[in-house]
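Written below as structure tokens is the structure these notes are about.
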Amino acid sequence: MRAIAWTDPVAVASAFAEETHACVLLSGDGGWSYVLRRPDAMADVGRDLRALLGGGEMSPEGPPFQGGVVGLAGYELSAQLEPTAPQVRGAWPDLTLLRYPALLAFHADRRRAVAVGRGRDRAAAGAAADGALSWLDEAGAKPRAGILAEDVALSVPDERHAAAVAETVARIAAGEIFQANLARPWRGRLAPDVRPFDVFARLARQSAAGYAAFLNLPGRALVSNSPERFLSVRPGPDGLWAETHPIKGTRPRGVDAVSDAALAAELEASEKDRAENLMIVDLMRNDLARVSVPGSVQVPELFGLESYANVHHLVSRVRSRLQPGRDAWDAFLAAFPPGSVTGAPKLQAMRVIADYEAPRGPYCGSLFWAGVDGALDASVLIRTLALVENAAGWAFEARAGGGIVADSDPAAEVAETTAKIGAILRALMDAP
């Protein structure tokens with residue numbers, strides 16, 4: 001590991017963002033961010049994750065992620081994990097695993113940065129770290145000015161989404177489910193000469209969220225501004241501990257401080273939103289219990305308020321100690337797809353979602369890193385653009401949704417999706 005002067009990780013990555021497999025994992029809350037390129041191994045099946053990781057030493061002064069695998073799990077991976085889940089396939093791969101032998105890590109609050117390398121011995125690891133240092137010598141691109149997208153259109157109009165919500169409420173009343181998360185898409189294409197990284201860089205400047213990320217794949221790209229942790233796993237003195245942060249319950253931000261505070265207080269007092277959140281907390285408790293030591297599942301925080309650029313959210317925390325012999329990948333697969341973007345009971349909610357939505361692809365899947373020490377950190381891919389390159393340039397889709405429960409109001413649910421997509425639409429359509 002080599003110490004380096006702190007600099008903006010987005011600026012560093014801009015120099016090679018068009019490379020296949022260039023990746024940025026950006027902490028919008030002042031923690032560690034990572035810039036990665038040139039993986040040395042790839043796989044597309046889950047059992048290869050452990051083989052890809054191998055092992056190695058960890059520096060106690062280093063970042064949580066000191067090399068290993070970055071993975072993209074599409075929502076439809078669920079069809080491989082559970083035969084009774086909707087058996088649908090989209091255009092995106094269900095799972096992509098990339099092993100990176102080197103990375104640059106940046107801590108914004110501490111103004112600290114390091115280059116990390118891994119290899120078969122100390123000399124090889126040092127050489128990999130030195131190679132990552134050389135990335136800093138490449139000239140980054142200037143931030144793109146002007147409007148980034150054209151032909152942006154809402155693909156499911158308000159009345160159609162409202163009708164889907166009303167039908168789902170009726171299905172809840174009939175006893176089919178308790179909750180389902182329904183989303184609708186916005187589609188368009190980037191303006192000529194605009195690249196996906198330009199969208200990521202603008203979101204990072206305007207409203208970076210805690211799990212902002214960029215990943216360039218062959219003919220595809222992912223830009224995420226997600227605020228939601230799906231799952232983290234960290235080693236402790238008594239084993240591996242897993243934690244999830246389900247988000248459920250939303251209000252838009254106010255136009256001034258007074259209205260903003262009133263909307264936040266309204267959310268915190270809302271019985272409907274608290275019930276919606278509690279259903280997902282219970283679902284995640286059950287998911288983690290499948291791989292955890294009996295009695296270790298805890299809820300350290302319930303209905304916490306978190307505020308973002310466009311919305312307030314209720315966020316809870318669920319924590320558990322994994323059973324001996326179980327690892328982070330076991331926990332990930334036991335809880336995937338995230339309960340906050342499916343509903344309860346999970347499998348039946350997924351069947352309801354499949355009745356109204358086309359295959360989701362990356363949306364509501366997860367982008368994650370898995371380290372050589374057994375740690376893992378995974379996001380829920382909401383506030384995310386899935387981009388595909390074609391003859392006309394870069395086409396994209398971004399979805400926004402919400403949890404539908406027994407007393408959901410269709411008009412309010414329509415408004416909630418519009419509030420949630422706001423930061424992405426502003427980044428695409430408003431010239432700074």
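Overview of values
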read-out	value
Viscosity 0.692 mPa s, 37 °C: Kirkwood-radius Stokes-Einstein D of segment 56-209 over Cα pairs, µm²/s	159 µm²/s
Nearest-20 debye value, segment 75-181 charge dipole, Cβ charges on Lys, Arg, Asp, Glu	700 debye
Descending Cα extents along the principal axes, the chain, whole Å	65, 55, 44
Computed [θ] at 222 nm, deg cm²/dmol, the chain (DSSP H ≥ 4; -39,500 (n - 2.57); rounded to nearest 500)	-8500 deg cm²/dmol
Relative packing of 134-143, 194-203, which averages over residues the other C-beta atoms within 10 Å, highest first	194-203, 134-143
Computed over the chain: relative contact order in percent, which uses C-alpha pairs under 8 Å that are six or more apart	23 percent
Segments 249-259, 204-214 sorted - mean Cβ within 10 Å per residue, highest first	204-214, 249-259
Alpha-carbon centroid distance for the pair segment 269-316 / segment 196-224, whole angstrom	27 Å
Listed peptides 217-229, 288-300 by packing density, highest first (mean Cβ within 10 Å)	217-229, 288-300
Residue 8 versus residue 82: modelled label distance in nm, points set 7 Å from Cα along the beta carbon direction	4.3 nm
Given charges at beta-carbon only (K, R positive; D, E negative), |dipole| of the chain in Debye	740 debye
Net charge of neighbours whose Cβ lies under 10 Å from the Cβ of residue 348, counting Lys and Arg as +1 and Asp and Glu as -1	+2
Kirkwood-type radius of segment 285-432, with distances r between different C-alpha atoms, in Å	17.9 Å
Mean-position separation - Cα centroids, segment 8-64 and segment 409-428, in angstrom	31 Å
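No lab work stands behind these numbers, since they all come straight from the coordinates. Source: prediction; values computed, not measured. Positions of Cβ are backbone-derived with ideal geometry, glycine not excepted, and every protein chain shown enters the neighbour counts.
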